[in-house]
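First, the structure itself, so that you have it in front of you.
The values are calculated or read from the model by the stated rules, or taken from the named source; none is laboratory data. Note that the structure is predicted; figures quoted are calculated from it, not measured. Please note: Cβ atoms are built from the backbone with ideal geometry, for glycine as well, and neighbour counts cover all protein chains shown. Accessible surface is based on the protein model in full, side chains and every heavy atom, while ligands, DNA and RNA are left aside. Shrake-Rupley method; radii C 1.70, N 1.55, O 1.52, S 1.80 Å.
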Amino acid sequence: MTSDTHTRPRPMAWQYCGEQIKLWRNLAGVSRETLAREAGYGSDMIASVEQGRRRPVGHLLRVADQLCGAKGLLRAAEKYLEPEPVPELSQDYMQYEEEAIAISSYQPMRIPGLLQTEEYAHAQISGHWPPLVEAIVEERVANRRKRQALLDDQTRVFNYVIGEPALRFPIASTEQHRRQLHHLLAVGERRNVTIQALRFSGAPTAHDGSFLLFETPDHKRFAYEEGQLGAHLTAEPDRVSKAAQKLTLLAQLAMPPAESARFIKELADTQ
């Protein structure tokens, strides 16, 4: 996906919940390092949560509740940390992306953000209309490149179905597109990344637009849909289920990974 933004204030629910974790931890005489060890996280992550910079996940709330003797008061906050129907979207998107253990994506017209080369990302972001000032373009490109480090975590799973238009048609120069295709081939060799190509004749539902699914460490799923004039992040079970069913169908109709790699290589060689 392609959402990027300036730093925005974190939701008040994150800040309040983080402050409550810190208060209960101090009252119980539990160190930050102890909570981090019991929860299986780093102490820096606990500090970020307590400062309201990261969303507290359910697992951390449950561990902190038991460890600090909060008697359910910390666990009760979990339901208030779900995304709002119309949230601060880009901030929420990147937060869930950062903590997801699995991301499954369908993108019919553009290469997904985490798979883009720097020059491809620059061409796409600078093509925004109304135009963005160059400083913002550069900031968003840098942010997108930074987010791509998520692919290096072998414990995370990334599944991509990419439409033939995205693979066949350049958004910048032919040479840049060739390099982008070769980059896809390289990334697709990672054991935690699956890339499948969906041909033009794949399925009618393939033309409905891009979307993806996040799975969190608590095994909750969120669907993200993106269109010309806006985007939507939701945990609504019905919408999440529909997105999962669509992704399953599209993955079945797309070429298998090995065949997709051959197809992408053929496209790169003919550019």
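Among helices (runs of 4 or more DSSP H) lying entirely in the stretch 113-181, which contain 2 or more residues that are open to solvent by 50 Å² or more (accessible area, probe 1.4 Å), more than 30 Å from Q245 (Cα to Cα) and out of contact with any Pro (no Cβ under 8 Å at 6 or more places or on another chain)?
118-126, 134-147
Could you grab the pairs with beta carbons closer than 8 Å, sequence gap of 6+ or different chains, first residue in the stretch 238-265 and touching a residue at least 40 places away in the same chain (Cβ under 8 Å), second one part of a helix (DSSP H, G or I) and of a type in the set (S, T, N, Q)?
K246/T205; L249/T205; L250/T205; A254/S260
Out of all the residues in the stretch 222-245, which are touching a Pro at 6+ places or on another chain (Cβ under 9 Å) and either modelled with pLDDT of 95 or more or assigned to a strand (DSSP E or B) (or both)?
Correct list: F222, H232, L233, T234.
Only one of these conditions is not met by Q95: (1) open to solvent by less than 40 Å² (accessible area, probe 1.4 Å); (2) under 15 Å from D218 (Cβ atoms); (3) at pLDDT 90 or above. Which number is it?
(3)
Kindly indicate whether V141 is of a type in the set (V, I, T), in contact (Cβ under 8 Å) with a residue 12 or more places away in the chain and farther than 16 Å from A186 by Cα.
Yes: the conditions hold for V141.
Considering each of A197, A231, A254, A235 in turn, give the residue that is surrounded by 15 or more Cβ atoms within 10 Å (Cβ to Cβ), farther than 27 Å from H128 by Cβ, touching a Leu at 6+ places or on another chain (Cβ under 9 Å) and hydrophobic (A, V, I, L, M, F, W, C).
One residue alone meets the criteria, A254.
Among R110, R62, R55, R32, which is basic (K, R) and touching a Lys or Arg at 6+ places or on another chain (Cβ under 6 Å)?
R62
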